[in-house]
1. Quote the accessible area belonging to residue 167 in square angstrom, nearest 10, computed with a 1.4 Å probe and with ligands, DNA and RNA left uncounted.
2. Going by accessible area, probe 1.4 Å, with all protein chains left in place, what is the ranking of 238, 218, 322, largest first?
3. Any idea how far apart residue 263 and residue 228 come out in nm if each label point goes 7 Å out from Cα toward Cβ?
4. How many nm is it between the label spots at residue 89 and residue 120, if each spot is 7 Å from the Cα in line with the beta carbon?
5. What order do 88, 222 take when sorted by accessible area (1.4 Å probe), most exposed first?
6. Of the listed pairs 217/263; 136/263; 108/142; 108/151; 108/136, which have alpha-carbon separations greater than 26 Å here?
7. For the stretch 86-198, what is the relative contact order in percent, using Cα pairs closer than 8 Å and at least 6 residues apart in sequence?
8. With a 1.4 Å probe and every protein chain left in place, tell me how much accessible area residue 326 has, in Å² to the nearest 10.
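The values are calculated or read from the model by the stated rules, or taken from the named source; none is laboratory data. Keep in mind the model is a prediction, meaning the values are calculated, not measured. Virtual Cβ from ideal backbone geometry, glycine too; neighbours counted across all protein chains shown. To get the accessible areas, we keep the full protein, side chains included, count just its heavy atoms, and leave off ligands, DNA and RNA. Shrake-Rupley method; radii C 1.70, N 1.55, O 1.52, S 1.80 Å.
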Amino acid sequence: RGGVMPELVRLMAVAASLFAMWFVSAGLLIHGSVWGLYGLESGWNWFYPDVMRFAQEMKIQGDWIPGGEWVSEPSWRMTVEWTLWVAIAMSAYPVLSYCVLPLRSQVKSVLGPQAWAMTSRVRSDEILGEVFASVKQETGVKKPVSLYLVKTGGPLAFAMGAPFRGTVVLSQGLVNGLAPDEVRWVMAHELAHIRYRDMMLGALWISSIRGLNVFEKIKVAIINLVLRILAMFRAPVILMRLLVSSIRAVLSVIGIGRWIALKMFLLVDRWVSRRTEFRADRFAADALGGEPGARALHRLGGDAEPLFNGLFATHPKLSARIERLMS
């Protein structure tokens, strides 16, 4: 009924974009850093005999003076191996945190503090909760799903999912503005997104890309360390600025990888999102009929976001969805 093509396409997009992100950002950063250390080692080896000769003349024990061979000669094979380990480490924590993070926190982050203050969980013994439970039963969704109601006048409906649970969020304005059978249809549509895990891969991708924030913290720590060392040795200001600018230039490759990954992912993910909307419409129509959905979409009116027919639109035009539901 739902097909697997959208999931396969989105999975390929996630894998390709993460590959681009880590191997451009982390890969270039690691390779550049290793070459930098290799250059420092070569420069130190050039002066090492003079340093040891000076130590002997001053009758200083030279055992504590480090020699060469700090790092191996840079190679792309070593860079790829290190990048794989960095990618696993940087992605593991945010992905695991996504799996265990309460959906309540995710909903709060999407709505924002102001809207969250007007949001409450709908209990199963409330009228809306009973309606939601009956829709779940009719659609055959077995996963535990919570229902939240936002007390705002505008129409709002979205779903969020995790490996073993889900959440549907509706606004008071949408519930009041639609007929009862239309509200049920909207619930079924959002349950379809949870049923087919439409949000999961996208959320995992977002969690993974947040791993790059670690490099931002590393950048700040390195710059602060360099400044403190230079200040300790009373280095000229122009030298301090030159070194800090060089560090920033090397670490700026992080932004290149993030930009490439974002464009790759959005280009495919938006295409997939438009098709998952059609699939969710079909899921709700199979369970509750297409007419309530067509009426609900027509009542909402207009297109909900700019560039709706554009390359990066997340939803198809309402007119196209209504036409399919009526047919």
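1. Approximately 0 Å² of residue 167 is accessible to the 1.4 Å probe.
2. Heavy-atom accessible area, descending, gives 238, 218, 322.
3. Rounded to a tenth, the inter-label distance reads 3.9 nm.
4. Between residue 89 and residue 120, the simple spin-label model gives 4.8 nm.
5. In descending accessible area the options line up as 88, 222.
6. 136/263
7. Relative contact order of the stretch 86-198: 23 percent.
8. So the heavy atoms of residue 326 present about 120 Å² to solvent.
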